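Inspection log for the structure reproduced underneath, given as structure tokens.
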Amino acid sequence: MIGNTTINKLYREKLSRSLLLFAIIPTILVTGVFFQLFFMIINEISDRELTSQNKELSSFLSSEITSYKKEIQALQEDPRLSRVFQTDDVHNDIYKELYQVVTDHQLKSNFYIVDVEGSILLTNAYRDNTAQIYYDKYLTKVNKNQDKDITFYNEKDNHAADFTFLKMTAPIYDGNKVSGFIIFDLQSNQLRRFYENMNYTDIVITDPFGNQLFSSKRSLILDNGKIGVLSKKGYHTVSSSIVKDEFIVHSIRYEGLLQKGFFFGFLGLFVICGLMVIITRLFAISIARKKTKSIDTLLSTIQDVNEGRYKGYHQLEEEDEFETINYYLHDMILSKNLLLSENKEIHIRKTEAEIKQLQMQFNPHFLFNTLENIKFMIRMNPSSAEELLLKLSSILRYSIDNTDQDSPLKDDIKYIYDYLDIQKARFEERLNFSVEIPEELGTTPIPKLIMQPLVENAVKYGIDHVDHLLIKIKASRIGDKLVIMILDTGSGFSQSRLQEIRDLLHTTQNPSNHIGIYNVHRRIQLKYGRSYGVRVFSEENKGSLLLITIPYRKEE
């Protein structure tokens, strides 16, 4: 027997491994997967937000700039605009129209009407040196003979809170001559709402060549004025082209904090997992110590059983799961003893059945009468004598062969045919029989020779008291059961004898020397259970009916 110290150690190790394998590790895996999915979902939501914000900003800018272009083109077509340099009469009307253009847009702007020298005629901004700046930086670049196109400029050196991020300039023609310019300075203040309420999100607006027009953060722009984060790690960018690819809108999110959160989150998860493993180990040791007494009691019980000195059920001190094991161990021991008893009885019954079969196989009266009939027939009818010899040989061969415990129903019926044919040769017209076995039941396996003792009883005890004996054998399947009926028209049993037989079939011991019906019944019950067996029905001077019930089984 293994020592208690070894048992405790093994139990502690197994409990620790079980908790780790079936509780801690699955929990860690589920937590890790959940953690991963959580960050994937956050990242996906953030990406969708970024895409949505970029789409909204692009749509807003495209709509506003396109609308400004249409308004400028409409002003260029207004004949009053060329007169603004010649007379003051139209100044108020032109100012009102320009002011209305700005008012109608969400993206506000400063407008200017300047001549080719940069002198301001009309503006809604403060008058300072702005016109000269325009002249120096932009107006000198405009080809005075250009077509009526609108030119875009950017103020890349300005990063004030409300700076002009885009300048829209269009020439004012007097005939074919450029007499001045319409200028709209689009202000950046309306762009704030697209990034101020978005965590870790910035926007950059560039021309097709990557030159910055607007950026929400100076660090996103290189010294040469171009956007510098498109290829950097830790940034996610969504870009859209607008106004016939004149501009590109970039929505940029810094993912460094999210990645750091993911890293530190996993690091914290590993620390927690390590603590859980340590706690589980300590918990296993504590549980093992508490369960040691119960294990010792169970081991002692098993040792007593092995040594054949089991003293009966002994309740454990602690009412835990081991008490359930203790109870079922006691029940198993009792079942084991019962099974041993039944196996012993099965062996005894099998031995008795084999002895009885041998007795029947070599019954002197049966053999003597059969051989006498054969001797008589050899003189009178040699062919019939030969047939009887063959049947007798078949009976002896089948009954002596003990290699199989079961045999097909058709083989047992063949044995019964041969047996009854020999008996009919003896009793002639006094004995008749019929057998009805459906073809599909012929291969059904049954315990060997379970019909022979019952048929023999019908002949032996029935024919001496009647002038004519009829034996009917019929088999049928009822649900999952095979029922074999043996009916005879012999003298039958009295009610007292019938009750005596029925009482005998309900016992596990047979005090009489007659084991025919009882032995068949007990063999079936020991093999298949108490739901099966032999049932006896009889009426004195009218005959008997025996029903053999066994499980239906297909051919093996």
> How about segment 387-411: which of its residues are part of a helix (DSSP H, G or I), closer than 24 Å to Lys554 by Cα and out of contact with any strand residue (DSSP E or B) (no Cβ under 6 Å at 6 or more places or on another chain)?
Replying inline: Tyr398, Ser399, Lys410, Asp411
> Of all residues in segment 354-412 being farther than 17 Å from Arg426 by Cβ and basic (Lys, Arg), which is modelled with the lowest pLDDT?
Replying inline: Lys356
> Within segment 519-532, is even one residue touching a residue at least 24 places away in the same chain (Cβ under 8 Å) and aromatic (Phe, Trp, Tyr)?
Replying inline: yes
> Does any residue of segment 36-55 turn out to be under 22 Å from the mean Cα position of the chain (by Cα) and modelled with pLDDT under 90?
Replying inline: yes
> From the list Ser531, Ser538, which residue is in the same structural domain as Asp480 (by TED's automatic domain parsing), farther than 14 Å from Phe493 by Cβ and either surrounded by fewer than 17 Cβ atoms within 10 Å (Cβ to Cβ) or among the polar types (S, T, N, Q) (or both)?
Replying inline: Ser531
>> I need the full set of residues from segment 422-442 which are surrounded by 14 or more Cβ atoms within 10 Å (Cβ to Cβ) and in a loop (DSSP other than H, G, I, E, B), in order please.
In response: Ile437, Gly442
>> Within segment 32-61, take every residue that is in contact (Cβ under 8 Å) with a residue 12 or more places away in the chain and exposed (fewer than 15 other Cβ atoms within 10 Å of the Cβ) and give me the one that is nearest to Asp245 (Cα to Cα).
In response: Lys55
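Residue by residue, here is whether (1) among the hydroxyl-bearing types (Ser, Thr, Tyr); (2) assigned by TED's automatic domain parsing to the domain that holds Val178; (3) in a helix (DSSP H, G or I); (4) under 19 Å from Phe194 (Cα atoms) holds:
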position: Leu57; (1), (2), (3), (4): no, yes, yes, yes
position: Ser63; (1), (2), (3), (4): yes, yes, yes, yes
position: Leu75; (1), (2), (3), (4): no, yes, yes, no
position: Ser82; (1), (2), (3), (4): yes, yes, yes, no
position: Asp88; (1), (2), (3), (4): no, yes, no, no
position: Ile94; (1), (2), (3), (4): no, yes, yes, no
position: Glu97; (1), (2), (3), (4): no, yes, yes, no
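The values are calculated or read from the model by the stated rules, or taken from the named source; none is laboratory data. Note that the structure is a prediction, hence the values are computed from the model and not measured. So basically every Cβ, Gly included, is an ideal-geometry build from the backbone, and we count neighbours across all protein chains shown.
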